[in-house]
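Presented below is the structure to which this report refers.
Every read-out reported here was derived from the displayed coordinates using simple, explicitly stated rules and does not represent laboratory data. Fair warning: this is a prediction, and the values are worked out from it, not measured in the lab. Because the Cβ atoms are built from the backbone with ideal geometry, glycine has one as well, and the counts that use them run over all protein chains shown.
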Amino acid sequence: MCKVLVLFFLGLGILGCGKVKNSSSSDGGSIVGTAEFVSAMEIVQSKCLSCHNTWATYSSDDYVKKGLVFKGSPANSSLYTRIRGNDVGQAGDMPPGQPTLTYTEIKEIKAWINSL
Ligand code: HEC
């Protein structure tokens, strides 16, 4: 009887081990692209996507194709000129009703557009 129980629990142990899964897939680093793109998208994710949720899956090229970004020219990129506090002399209004992006954040977005 004892041996049967021991075998039973050994068996459970082996079954249990077989069920262990590798669950290291959710590290949050889902933005794919150049270092400039990743830095810019971290800001867009936190400051813009709450309203512009359609942008969530955009690649760098997608922003260009949709006409939101003009390669190498922040002054011609509505995604940049609409940001309040941008430094190309256009009155931005984004994000509405929320704090203006910091100088550093604005610079990161500009650096991405300039890198294209
Ligand atoms: C609180 C909501 C909200 C947030 C946050 C927000 N926007 Fe907007 N945005 C809007 C709305 C609403 C419109 C459409 C009306 C308009 O054009 O003013 C818009 C329009 C735009 C447009 C023109 C859209 C187009 O397809 O031509 C751009 C570019 C833009 N936003 C950039 C940004 C950027 C960059 C951020 C982050 C720094 C941002 N927005 C954050 C609400 C928001």
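Points to keep in mind about this one:
- Figure legend. Inter-residue proximity from the range 47-72: first residues under 19 Å from residue 93 (Cβ atoms), second residues more than 13 Å from the ligand (Cβ to nearest atom) and not aliphatic (A, V, I, L, M), beta-carbon distance below 9 Å, spacing 6+ or different chains. Indicated pairs: 69/60.
Residues are listed down the side, and each one gets a yes or a no for (1) closer than 22 Å to residue 116 by Cα; (2) surrounded by 14 or more Cβ atoms within 10 Å (Cβ to Cβ):
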site	(1), (2)
40	yes, yes
51	no, no
57	yes, no
65	yes, no
91	no, no
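- No other residue among 56, 111, 75, 40 is within 12 Å of the ligand (Cβ to nearest atom) and either outside any loop (DSSP other than H, G, I, E, B) or aromatic (Phe, Trp, Tyr) (or both) apart from 40.
- Residue in the range 26-37 that is surrounded by the fewest Cβ atoms within 10 Å (Cβ to Cβ), counting only those that are touching a residue at least 60 places away in the same chain (Cβ under 8 Å) and within 16 Å of the ligand (Cβ to nearest atom): 36
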